[in-house]
Amino acid sequence: MAYNYKGMGLSMGVMVAGYDKRGPGLYYVDSDGERTSGNLYSVGSGSIFAYGVLDAGYRYDLTDEEAYDLGRRSIYHATHRDAASGGIVRVYHMKPTGFEVISEQDCKDLHYMYAEEKKN
């Protein structure tokens, strides 16, 4: 679909996650319809803030809970530091049977929770 609009001024950056017979897949799709497979992506205006957290905390062998926390923290930092980003942090887990909603939390609630962690 995006390829049909190549060269027409469309500006987008999309992360696509899914599961097929080969296993889990994560792709970045750019404005020209090019897709790049990878293990870790962040897209949008706050992505530079998210990448700071992701780069510091990502390991290939993260447990599910560690991955959820890393994703949540990275989205929080993107949302907190970027005025154009949204206020709800949604975490999903892609599985062979579909996606599972892990959490949906307001950025301000996470802000106070993380601030409290710093005190301890």
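The values are calculated or read from the model by the stated rules, or taken from the named source; none is laboratory data. In this text the structure is predicted, and so the values were computed from the model without any measurement. A quick note on method: Cβ atoms are made from the backbone with ideal geometry, for glycine too, and the neighbour counts reach across all protein chains shown. Side chains included, ligands, DNA and RNA excluded: accessible areas come from the protein's heavy atoms. Shrake-Rupley method; radii C 1.70, N 1.55, O 1.52, S 1.80 Å.
Taking the solvent-accessible surface of protein heavy atoms with a 1.4 Å probe, what is the per residue accessible area of the chain in Å²?
71
With the radius of gyration and the Kirkwood radius both derived from the Cα set of the chain, what is their ratio Rg to Rh?
A ratio of 1.00.
Which whole-number value in Å³ per residue fits the convex hull of the alpha carbons of the range 1-63? Before the final figure, lay out the partial values.
Working: hull volume 6.2 nm³, N = 63.
Once divided by residue count, the hull of the range 1-63 is 98 Å³.
Starting from the Kirkwood Rh over alpha-carbon pairs, what translational D in µm² s⁻¹ does the range 50-104 have by Stokes-Einstein at 20 °C and 1.002 mPa s?
Result for D is 179 µm²/s.
What does the highest-first list of 13-22, 26-35 look like by mean Cβ count within 10 Å? Each step should come with its number before you reach the end.
Working: 13-22: 11.2, 26-35: 15.0.
So the order, starting with the most tightly packed, is 26-35, 13-22.
Cut-off under 18 Å on the C-alpha distance; same-chain residues fewer than 8 positions from Lys21 excluded. Which lysines are left, in chain and number order?
Lys95
Any idea what the relative contact order of the chain is, in percent, if you count C-alpha pairs under 8 Å spaced at least 6 apart?
Dividing the mean separation by the residue count of the chain yields 19 percent.
How would you rank 72-83, 92-103, 38-49, highest first, on the average number of other Cβ atoms within 10 Å across their residues?
72-83, 38-49, 92-103
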